[in-house]
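A.B. asks: One structure coming up, written as structure tokens, with questions to follow.
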């Protein structure tokens, strides 16, 4: 693992997050880094060095500490672009899309973040999510019915024939993308995937006008979906005028950003399903546990989220708004910290025998101890829905295909590497 220099506060040397050795086995690679020091200085393509926070208590502490912000402009006396914006430009994201991301739920702080989060929360109430169980089950069973038809020589790509179609269909129905438009929406999703070779600069000029048109369509034809809920909130704020509750306000740019975030970023849930299937296929004893006791589904999904979290690090780095300490080590005002969820969720200080997949593992703090969905004010708004999709999908999969096995050795699975961030499973060939 590449190390090139020493940090200003005496921490271990600079880690190269683009190191192929680290990318090949990020779970154990980041675990080794975790044991070197509470904070480790690191660098990734197109960015200034950041502090890696890897230990469970420290990661959770930063997640719940309001002295950290995700927009560097909110650091007193600062005003520079953030790490994420620089990375998006490195990956050829069009400036218009970068601008939409700047006003999104993952890129704002304080009152603006709480306001946008409130709009999503109204669309993803516990009652609404629970009400989706029947529909998610229908979609799951229909996709499983078609799996044998998708097989070639007895092998099917479970990621693209099951996980992606499931999570994309659910997100389309939640957001309000008409069924007639979904094939185009799916193609856009593939194209903007960070691992895609598609010209993203050519895709976004199609996507954003389409979303604007979809909003206008829903103004004329309301439905039970997120777009309609956002339109109603906007209309109520406009009718209230100066007396409008700040929580109701939402601009059209913010509306488009929320729709794009929820409608085109179901990849993590797809990799919860795909990663869970891979974990079960390579641990037949655990597959048998879930097959024989479907009541384990909730606990199993939590353990899968801990053991092979779809998100190696939080979507945004955090910036310190004042001089402070993490794990007893100083961090200066304005410095960026990256929170390594994958290392925190394998921290032996918090989890006994963390490298072991154990679907019977009980959380120390129910309902969950893992940090796959974050913690604090930025806890994932879609966590309940993602868990529900994972529970339904994996339970049905092992019930329908109890002898599921990988069609290739695990070492032959194909991954795409995202410099400095993660490696993403590209296909999941299995025998049913």
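The values are calculated or read from the model by the stated rules, or taken from the named source; none is laboratory data. Quick caveat: nothing in here was measured; it's all calculated off a predicted structure. Heads up, the Cβs are rebuilt from the backbone with ideal geometry, glycines too, and the neighbour counts pull from every protein chain shown.
A.B. asks: So residue 99 clears everything in (1) exposed (fewer than 14 other Cβ atoms within 10 Å of the Cβ); (2) part of a helix (DSSP H, G or I); (3) modelled with pLDDT of 75 or more except one condition, right? Which one?
C.D. replies: For residue 99, the failing item is (3).
A.B. asks: Of all residues in region 342-377, which are surrounded by 21 or more Cβ atoms within 10 Å (Cβ to Cβ) and not in a loop (DSSP other than H, G, I, E, B)?
C.D. replies: Within region 342-377, 342, 343, 344 meet the criteria.
A.B. asks: Out of (1) within 20 Å of residue 395 (Cβ to Cβ); (2) touching a helix residue (DSSP H, G or I) at 6+ places or on another chain (Cβ under 7 Å), the odd one out for residue 299 is which?
C.D. replies: Residue 299 satisfies every listed condition except (2).
A.B. asks: If residue 202 passes every condition in (1) closer than 25 Å to residue 164 by Cα; (2) surrounded by 13 or more Cβ atoms within 10 Å (Cβ to Cβ) but one, which one does it miss?
C.D. replies: Only one criterion is unmet by residue 202, namely (2).
A.B. asks: Also, quick follow-up: Would you tally the residues in region 223-246 being without any contact (Cβ under 8 Å) to a residue 40 or more places away in the chain, in contact with a helix residue (DSSP H, G or I) (Cβ under 9 Å, 6 or more places away or on another chain), within 22 Å of residue 124 (Cβ to Cβ) and part of a helix (DSSP H, G or I)?
C.D. replies: The total comes to 5.
A.B. asks: Name every residue in region 220-261 that is exposed (fewer than 12 other Cβ atoms within 10 Å of the Cβ) and within 20 Å of residue 102 (Cα to Cα), in order of residue number.
C.D. replies: Those that are exposed (fewer than 12 other Cβ atoms within 10 Å of the Cβ) and within 20 Å of residue 102 (Cα to Cα): 246, 251.
A.B. asks: Kindly indicate whether any position in region 268-288 is in contact (Cβ under 8 Å) with a residue 12 or more places away in the chain, more than 15 Å from residue 357 (Cβ to Cβ) and surrounded by fewer than 23 Cβ atoms within 10 Å (Cβ to Cβ).
C.D. replies: Yes, region 268-288 has at least one match.
A.B. asks: Is region 414-431 home to any residue that is surrounded by fewer than 16 Cβ atoms within 10 Å (Cβ to Cβ) and within 21 Å of residue 297 (Cβ to Cβ)?
C.D. replies: Scanning region 414-431 turns up no residue that is surrounded by fewer than 16 Cβ atoms within 10 Å (Cβ to Cβ) and within 21 Å of residue 297 (Cβ to Cβ).
A.B. asks: Does region 321-333 contain any residue that is closer than 24 Å to residue 423 by Cα and either buried (at least 19 other Cβ atoms within 10 Å of the Cβ) or in contact with a helix residue (DSSP H, G or I) (Cβ under 6 Å, 6 or more places away or on another chain) (or both)? Before you say what the answer is, go through the steps one by one.
C.D. replies: First pass over region 321-333, keeping only residues closer than 24 Å to residue 423 by Cα: none.
No, there is no match, as no residue in region 321-333 is closer than 24 Å to residue 423 by Cα and either buried (at least 19 other Cβ atoms within 10 Å of the Cβ) or in contact with a helix residue (DSSP H, G or I) (Cβ under 6 Å, 6 or more places away or on another chain) (or both).
A.B. asks: What residue, of 13, 77, 46, 118, is over 21 Å from residue 309 (Cα atoms), at pLDDT below 90 and touching a strand residue (DSSP E or B) at 6+ places or on another chain (Cβ under 8 Å)?
C.D. replies: On the way: 77 fails: touching a strand residue (DSSP E or B) at 6+ places or on another chain (Cβ under 8 Å); 46 fails: touching a strand residue (DSSP E or B) at 6+ places or on another chain (Cβ under 8 Å); 118 fails: touching a strand residue (DSSP E or B) at 6+ places or on another chain (Cβ under 8 Å).
The conditions single out 13.
A.B. asks: When region 405-432 is examined, which residues are found to be outside any strand (DSSP E or B) and at pLDDT below 95? Talk me through it step by step, then tell me what you get.
C.D. replies: Kept after step one, since they are outside any strand (DSSP E or B), are these residues of region 405-432: 407-414, 419-421, 426-428, 432.
410, 411, 412, 413, 414, 419, 420, 421, 426, 427, 432, listed by residue number.
A.B. asks: Also, quick follow-up: What do you reckon, is residue 210 surrounded by 20 or more Cβ atoms within 10 Å (Cβ to Cβ) and either within 16 Å of residue 258 (Cβ to Cβ) or at pLDDT 85 or above (or both)? If you could, list the steps in order and put the result at the bottom.
C.D. replies: Values: surrounded by 20 or more Cβ atoms within 10 Å (Cβ to Cβ): no; either within 16 Å of residue 258 (Cβ to Cβ) or at pLDDT 85 or above (or both): yes.
Against the criterion (surrounded by 20 or more Cβ atoms within 10 Å (Cβ to Cβ) and either within 16 Å of residue 258 (Cβ to Cβ) or at pLDDT 85 or above (or both)), residue 210 does not qualify.
A.B. asks: Next question, about the same structure. Quick test of your reading of the structure: residue 308 fulfils all but one of (1) modelled with pLDDT under 95; (2) buried (at least 23 other Cβ atoms within 10 Å of the Cβ). Name the failing condition by number.
C.D. replies: The one condition residue 308 does not meet is (2).
A.B. asks: Restricting the search to region 139-164, which residues are touching a helix residue (DSSP H, G or I) at 6+ places or on another chain (Cβ under 7 Å) and in contact (Cβ under 8 Å) with a residue 24 or more places away in the chain? If you could, list the steps in order and put the result at the bottom.
C.D. replies: Step one: of region 139-164, the residues touching a helix residue (DSSP H, G or I) at 6+ places or on another chain (Cβ under 7 Å) are 139-141, 143-144, 147, 150, 156, 158-159, 161-164.
Of everything in region 139-164, those that are touching a helix residue (DSSP H, G or I) at 6+ places or on another chain (Cβ under 7 Å) and in contact (Cβ under 8 Å) with a residue 24 or more places away in the chain turn out to be 139, 140, 141, 144, 147, 156, 158, 159, 162, 163, 164.
A.B. asks: Looking at this structure, is residue 386 surrounded by 14 or more Cβ atoms within 10 Å (Cβ to Cβ), modelled with pLDDT of 90 or more and within 26 Å of residue 119 (Cβ to Cβ)?
C.D. replies: Considered against the rule, which asks whether it is surrounded by 14 or more Cβ atoms within 10 Å (Cβ to Cβ), modelled with pLDDT of 90 or more and within 26 Å of residue 119 (Cβ to Cβ), residue 386 comes out as yes.
A.B. asks: Moving on to the next point. Among the residues of region 290-302 satisfying the criterion of being surrounded by fewer than 18 Cβ atoms within 10 Å (Cβ to Cβ) and over 14 Å from residue 368 (Cα atoms), which is farthest from the chain's Cα centre (by Cα)?
C.D. replies: Residue satisfying both the conditions and the ranking: 292.
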